[in-house]
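Worksheet for the structure shown next.
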Amino acid sequence: MSKIEQRRFDSAASLNEAVASLLKYHLERDLAESTAVMLSGGKTPLAAYRILSGMACVISPGARIFLSDERLVPDSSPDSNFGNMRFVPGALGMEENQFLRVKTDLAPEQAARAYNAALRSLVNGGASLSLGLLGLGADGHTASLFSSGDLDRARGRYAIAVAGPDGLRRVSVTPDFLAKIHQVVFVVSGADKRGVADKLSSDPGS
């Protein structure tokens, strides 16, 4: 695996502005093309999503956005990634069906199978997976892939059910799916994550 390019920002505000501009570019880049953009959950990118929602964007009806991972909780829960960013598609003038969601009302394995099928349909339908945002935990995990066991179960699949260390069940995209995204960007903020970000940048295979 080639070395990952790292870009540092002077402040959280400048990071958020850069992420919002990157998302706008990818969502608008080719109105004749079916573009799909993966959004990361968690608290770090929410400020960037709010900035994006205030921008004037012209987005193709063929564009899709979807999540890297989701906790199987109600939308009203503060732990729901979709619930925390549900303002995004409406603010951008996107239709409800342009946000591919995890079906959180299903049992974990059923929800994972449904999301796996939705992602396969996206890929097989010729969508351009132009950009994917990912977070990075202080322990080095990304999306909701926490262990080598998760990675073993993920082989050959685009989405799997995962038990998080907090006890919440989740659905996460897999390395096989991430490999199909043209540009993957880790959005990392906080001194507690600097060490793991530096390690990832210098040795992606570690």
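The values are calculated or read from the model by the stated rules, or taken from the named source; none is laboratory data. Keep in mind that this is a model prediction, so the values were computed, not measured. For the accessible areas, the whole protein counts, side chains as well, though only heavy atoms, and no ligand, DNA or RNA atoms are used. Shrake-Rupley method; radii C 1.70, N 1.55, O 1.52, S 1.80 Å.
Structure summary
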| quantity | calculated |
| --- | --- |
| Kyte-Doolittle at least -1.0, axis length at least 20 Å by Cα - qualifying DSSP helices, the chain | 12-28, 108-124 |
| Cα Rg over Rh - the chain, Kirkwood | 0.93 |
| Per residue accessible area of the chain, 1.4 Å probe, in Å² | 50 Å² |
| Anisotropy class of the range 37-90 from Cα gyration tensor, a/c 1.5 cut | prolate |
| Count of Lys pairs (Cα-Cα under 25 Å; at least 8 positions apart or interchain) in the chain | 10 |
| Within a Gaussian network of the chain (alpha carbon springs, distance under 10 Å), most fluctuating of Asn81, Asn16, Asn97 | Asn97 |
| Residues with amide H under 5 Å from that of Val37, placed H, sequence gap 5 or more | Arg64, Ile65, Phe66 |
| Whole-percent carbon and sulfur share, accessible surface of the chain, 1.4 Å | 49 percent |
| Additional length obtainable on full extension of the chain from Ala117 to Leu100, 0.36 nm per residue less Cα span | 5.0 nm |
